[in-house]
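The values are calculated or read from the model by the stated rules, or taken from the named source; none is laboratory data. Quantities reported herein were computed from a predicted structural model and do not represent experimental measurements. Here Cβ is always computed from backbone atoms with ideal geometry, including for glycine, and neighbour counts include all displayed protein chains. Each accessible area value is taken on the protein alone, full model and side chains, heavy atoms only, with ligands, DNA and RNA left out. Shrake-Rupley method; radii C 1.70, N 1.55, O 1.52, S 1.80 Å.
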Amino acid sequence: MMTRNVALFVTCLVDVMRPRIGFAAIRALEAAGCDVVVPQGQTCCGQPALNSGDRDHAAALAKQTIKALEPYEAIIVPSGSCAGTIRCHYPEIFEHDAAWLPRAQAVAAKTFEVMAYLDEVCGWKPEGVSVDAKATYHDSCSGLRELGIKAQPRRLLKSIDGLTFAPLAGEETCCGFGGTFCVKYPAISNAIVGEKADAIDATGADLLLAGDLGCLMNMAGKLNRKGSKVRAYHAIELIAGMGDGPAIGEEA
Amino acid sequence: MSGFTDRADAALADPILKIAVERTAGTAEAKRGIAVAAFPDFDAARIRAAAIKDHVIAHLGHYLEKFEANAVAAGAKVHWASTSDEACRIVIDLCKRANAKTVARSKSMLGEEIGLPHALAEAGIGRVETDLAEHIIQLADERPSHIIWPAMHKTREQVSALFKAKHRSPHEEETIAAMAESARRQLRGEMLGADVGISGANFLIADTGAICTVTNEGNAELSLVPPRVHIVTAGIEKIVPSMPHAIHMLRMLARSATGAALTQYTTFYTGPRRPGDRDGPEEMHIVLVDNGRTRMREEGLAEMLRCIRCGACMNHCVVFRQIGGHAYGGTYPGPMGSVLTPVFDGLPKNRDLAHACTLNGKCQEVCPVRIPLPTLLRGWREKSWREGLEPTSMRFGLGVWAWVARRPALYRFGTGLAVRAMRLLGRKGWIGKLPLAGGWTRYRDMPKPAAQTFMAQYQRERRK
């Protein structure tokens, strides 16, 4: 198998809130034959600034991220939303900047969401991983609509022994996180995630899986507040064989 | 507190509204899904529909002149209005010249946009709404809450009570048939006695000067056939080059709006009554309204002019589904309204609209003319930021965060501190109350972060 020299872009949420997701991504990528580097120049991709309308700061952070990531063969992100920002929005940010546009486009072209990369580019499947549970899957919006991530995580998860699936009603419906939306309009966000939590509970699943920590924190936080027993993981944690660790909001 | 937030809070507190919105939008979503699945290559049809509109918008002057020449040749009079006030003035003048005491109006979002109901009332001209839902709205003295179902926010029970209070001879039984009969008794005489009919247009067909109007109640015909004078008000972006183009757009419109293959009534008409015609108006006037549309083309909102007013974006919007249409505060609700309202009513009063969106992209996915609604909303956010309309706390907070995020070493130090501080607030794995994130913890818990950030753990492991 050809070794791939890839950079992991950790995402600020994973860095601060749930480092296990970053380590799970490294473990799965290494199992798939990648040589993984975590470039130290990275912080945040700039999505909060971009979505707030603060284009100058978004451009400054995008430049920093491009500089940190461009030396590598591929850039892997454990988040559809951050990968979508780099892939779809960086070239837009530098639309009228002749110097930075080609660099943004080059980085965009080699940026992948981790599960899409493992499935589509590496053609890899988890081996010898087993989880005895029933899971339901939420399709996070940016990954789904900006990057077409739908079948890839499901294909990877189906290779896990013992894992069964319960379909989630409205699996493609936004959970109400929306980055800063959830704190700018908390009451509306709560109404949306309240319905989502009810739908998750109604599946009878033990586990809630998704590909974005923001959405997962929103849904898990609501499930916990309403006293639900459903446990939430980033799908890559299970895929990397780290499904026996604490779920989101459980003590290690 | 902004007007939007207050209206949204009021909507969230209304359990009947929630039921009413969910019932109609949920049904529309399901029916659209079935209709689109049965359509051979709906995506190709969307690409074609967007291309037709883009072509027309790029050559708007050409097609409008062509339409005017053909409409005039068919005997209609064409008027041009650049603002909503001018449009209303033209319509009121025409009504006065026709000595109109009452006009029979057929639902038109453009009419709402330019404030025509209000202008008619000010001029002392009576108005009878031929669309049943618009009649309900008129009785309740409210504005439409949806562009396809103006009264979607009302339940049958609420409508029944309204009819009982306001109709001359109201229904006794609370059945749909009895309520419809009550409305019929109230409205039929007024409709047939109206001096002027006013309707909107779904499509203006350039190469024949024809107008296409679709309804599900046949009510547009009541405003365009019996009255002596018929006035059409239409936005200039409603133009299509020819009949085949109109037909293509109709196929997209009906399926996207209600999931039907075609609307119940689809009428094409050209000019007033000709010698030998058995019916039709003696005079026909077409008022073509700009009201900010050419400006939209120049200001990066050209793609919004593709909109064919189907309502699919709002039916599928998680935010609209929670708060309904009135919370948006403008004529047009939902994602398309959030793009349009600042055009008509200014950004300062409406900066909330662009933000009250999770950017989940569902609206763009279902839009039959592929309007990049999230991108256009992000554009309003950027304009709002450039013009200093964003709250100081937001500007300051984001500025500090960006300053730190551009200094990776400082950022690592800061995130390390933040993690430790957050862990002090946690009980078991969760934080129930987080300072500065009250919006989050009022409604849900925050997971407690791990003892060290990823970067700190990664560095430590590499040193081993």
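Can you list residues from other chains, or at least 5 along the same chain, whose modelled amide H is less than 5 Å from the amide H of residue B:129?
Excluding prolines and chain starts, which carry no amide H, the hits are B:105.
Against the longest principal axis of chain B, how steep is helix B:373-386, in degrees 0 to 90 to the nearest 10, with axes from Cα atoms?
70 degrees
Could you work out the relative contact order of chain B, using alpha carbon pairs under 8 angstrom and six or more residues apart, expressed as a whole percent?
Result for chain B is 19 percent.
Straight-line reach from residue A:226: which lysines have a Cα under 18 Å away, not including same-chain ones fewer than 8 places off?
A:196, B:428, B:433, B:448
Give the share of C-alpha pairs in each 5 angstrom bin for segment B:259-386, from 0 to the last occupied bin, in whole percents, shortest bins first.
2, 9, 17, 19, 16, 11, 8, 7, 5, 3, 1, 0, 0
Can you list the residues of segment B:415-464 that have at least 40 square angstrom less accessible area with all protein chains present than in their chain by itself, probe 1.4 Å?
B:430, B:440, B:443, B:444, B:445, B:447, B:454, B:455, B:458
Taking only protein heavy atoms and a 1.4 Å probe, what accessible area per residue, in Å², does segment B:385-464 have with all protein chains in place?
Details: 4940 Å² over 80 residues.
Solvent-accessible surface per residue comes out at 62 Å².
Which of the trypsin sites (Lys or Arg not before Pro) found in segment B:67-115 are in a DSSP loop and have at most 14 neighbouring Cβ atoms, other than their own, within 10 Å?
B:101
Calculated FRET efficiency, residue B:298 and residue A:30, Cβ-Cβ r, R0 56 Å, to nearest 0.05?
Working: r = 53 Å, r/R0 = 0.94.
The value I calculate is 0.60.
Taking the inverse of the average 1/r across all pairs of different Cα atoms in segment A:97-252, what Kirkwood radius in Å do you get?
Result for segment A:97-252 stands at 16.5 Å.
List the residues whose amide H sits under 5 Å from the amide H of residue A:8, counting only those 5 or more places along or on another chain, with H placed 1.01 Å from N in the peptide plane.
Excluding prolines and chain starts, which carry no amide H, the hits are A:37, A:38, A:76.
Using θ = phi - 60° and the Karplus relation 6.51 cos²θ - 1.76 cosθ + 1.60, list the HN-Hα couplings for segment B:339-344 in order, rounded to whole Hz, with x at every Gly or Pro.
Listing the rounded values in order: 7, 7, 4, x, 5, 8 Hz.
Report, largest value first, the span of the C-alpha coordinates of segment B:143-262 along each principal axis, in whole Å.
50, 35, 23
If a helix is a whole DSSP H run, which ones in chain A reach 15 Å or further along their own axis (Cα) and hold a mean Kyte-Doolittle hydropathy of at least 0.0?
In chain A, the long hydrophobic H runs are A:19-31, A:186-202, A:213-225.
Quickly work out the residue A:226-to-residue B:96 label distance, labels modelled 7 Å from Cα along the C-beta direction, and quote it in nm with one decimal.
5.8 nm
In chain B, what percent of the accessible surface is made up of carbon and sulfur (1.4 Å probe, ligands and nucleic acids excluded)? Let's see the in-between values first.
Numbers: 10730 of 19890 Å².
Of all accessible area on chain B, carbon and sulfur atoms account for 54 percent.
Just the accessible area per residue of segment B:106-230, please: how many Å² with a 1.4 Å probe? Walk me through the intermediate numbers first.
Working: 4800 Å² over 125 residues.
Roughly 38 Å² per residue, with all protein chains present.
Which of the residues in segment B:371-393 show a loss of at least 50 Å² in accessible area from their chain by itself to the complete set of protein chains, at a probe of 1.4 Å?
Residues passing the criterion (a loss of at least 50 Å², heavy atoms only) are B:378, B:382, B:385.
If you roll a 1.4 angstrom probe over the protein chains with everything in place, what fraction of the accessible area of segment A:67-144 belongs to carbon and sulfur, to the nearest %?
Working: 1430 of 2970 Å².
Percent of accessible area from carbon and sulfur atoms in segment A:67-144: 48.
Which of the aspartates and glutamates could a cross-linker bridge to residue B:164, judged by Cα under 14 Å and excluding same-chain residues fewer than eight apart?
Hits, sequence-local ones excluded: B:172, B:173, B:174, B:181.
Could you pull out the GluC sites (Glu not before Pro) across segment B:380-464 that fall in loop regions by DSSP (anything but H, G, I, E, B) with no more than 15 other Cβ atoms inside 10 Å?
Here the GluC sites (Glu not before Pro) that fit, given the DSSP loop and packing criteria, are B:387.
Once R0 is set to 22 Å, what does the formula 1/(1 + (r/R0)^6) return for the Cβ-Cβ distance between residue B:461 and residue B:420, expressed as a FRET efficiency to the nearest 0.05?
About 0.65, to the nearest 0.05.
Taking the alpha carbon gyration tensor of segment A:108-159, what are the square roots of 5 times its eigenvalues, largest first, to the nearest whole Å?
Numbers: eigenvalues 89, 47, 9 Å².
Over the Cα atoms of segment A:108-159, the ellipsoid semi-axes are 21, 15, 7 Å.
In chain B, which Cys residues have no partner Cys with a Cβ closer than 4.7 Å?
So, B:88, B:95, B:212, B:307, B:310, B:317, B:357, B:367.
Short version: which residues of segment A:99-141 lose at least 10 Å² of accessible area, all chains versus chain alone, 1.4 Å probe?
Buried-area filter returns A:141.
Output the relative contact order of segment B:173-325, whole-number percent, from Cα pairs under 8 angstrom with separation of 6+ residues.
24 percent
So for the pair residue A:134, residue B:122, with labels modelled 7 Å out along Cα→Cβ, what separation do we get in nm?
6.3 nm
Please figure out what share of the DSSP beta bridges in the protein assembly as shown is antiparallel and state it in percent, rounded to the nearest 5.
Rounded to the nearest five, the antiparallel share is 20 percent.
Could you check the spin-label model distance between residue B:169 and residue B:72? Points 7 Å from the Cα along Cα→Cβ, value in nm.
So the two model labels end up 5.0 nm from each other.
Can you give me the orientation-averaged projected area of the convex hull built on the Cα atoms of segment B:1-67, in nm²?
Result: 8.5 nm².
Tell me the total accessible area that A and B bury against each other, 1.4 angstrom probe, in square angstrom rounded to 100. Intermediate values should be presented prior to the final figure.
Working: alone 11350 and 22650 Å², together 28390 Å².
Chains A and B together bury approximately 5600 Å².
Near residue A:67, which lysines are there with a Cα under 27 Å away, not counting those fewer than 8 places off in the same chain?
Within the straight-line limit of under 27 Å, residue A:67 reaches these lysines: A:110.
Have a look at the protein assembly as shown and give its Rg and Dmax from the Cα atoms, expressed in angstrom.
Both quantities, over Cα of the protein assembly as shown: 28.1, 97 Å.
Tell me, what is the per residue accessible area of chain A in Å², probe radius 1.4 Å?
On the way: 8500 Å² over 252 residues.
With the other protein chains kept in place, chain A gives 34 Å² per residue.
How large is Rg over Rh for segment A:59-164, taking Rg from the Cα atoms and Rh as the Kirkwood inverse mean of 1/r across Cα pairs?
On the way: Rg = 16.1 Å, Rh = 15.0 Å.
With Rh from the inverse mean 1/r over Cα pairs, Rg/Rh is 1.07.
Would you mind working out the magnitude of the charge dipole of segment A:114-182 relative to its Cα centre, with +1 at each Lys and Arg C-beta and -1 at each Asp and Glu C-beta, to the nearest 20 Debye?
With Lys and Arg at +1 and Asp and Glu at -1, about 80 debye.
Taking every pair of alpha-carbon atoms in segment B:56-159, give the share separated by more than 25 Å as a whole percent.
Distances greater than 25 Å cover 34 percent of the Cα pairs.
Based on Cβ point charges of +1 for Lys and Arg and -1 for Asp and Glu, what charge dipole magnitude is obtained for the protein assembly as shown about its Cα centre, in debye rounded to the nearest 20?
1500 debye
Enumerate the whole-percent occupancy of each 10 Å bin, from 0 to the last occupied one, for all C-alpha pair distances of segment B:320-404.
17, 45, 29, 8, 0
Between their Cα atoms, which of A:150/A:229; B:107/B:154; B:18/B:349; A:125/A:158 are more than 20 Å away from each other? Before the final figure, lay out the partial values.
Details: A:150/A:229 26 Å; B:107/B:154 17 Å; B:18/B:349 26 Å; A:125/A:158 9 Å.
Flagged as over cut-off: A:150/A:229; B:18/B:349.
For residue B:5 and residue B:85, calculate 0.36 nm times their separation in residues minus their Cα-Cα distance, and state this gained length in nm to one decimal.
25.9 nm
Find which of B:436, B:457, B:447 sits farthest along the positive direction of the dipole of segment B:423-464, computed with +1 on the beta-carbon of Lys and Arg, -1 on that of Asp and Glu, about the Cα centre.
B:457
Relative contact order for segment A:22-105 using alpha-carbon pairs under 8 Å, separation at least 6, rounded to a whole percent? Before the final figure, lay out the partial values.
Details: 64 pairs, mean separation 20.9, N = 84.
The value is 25 percent.
Rounded to the nearest 20 debye, what is the charge dipole size of chain B about its Cα centre when +1 sits on each Lys and Arg Cβ and -1 on each Asp and Glu Cβ?
The dipole of chain B has a size of about 2760 debye.
Running Debye on chain B with equal point scatterers at the Cα sites and no solvent, what base-10 log of I(q)/I(0) appears at q = 0.09, 0.13 Å⁻¹?
Ignoring solvent entirely, the Cα scatterers give -0.67, -1.23.
Rank A:186, B:245, B:363 by how far each Cα sits towards the positive end of the charge dipole of the protein assembly as shown (+1 on Lys, Arg Cβ; -1 on Asp, Glu Cβ) and give me just the farthest.
Going by the charge dipole, the pick is A:186.
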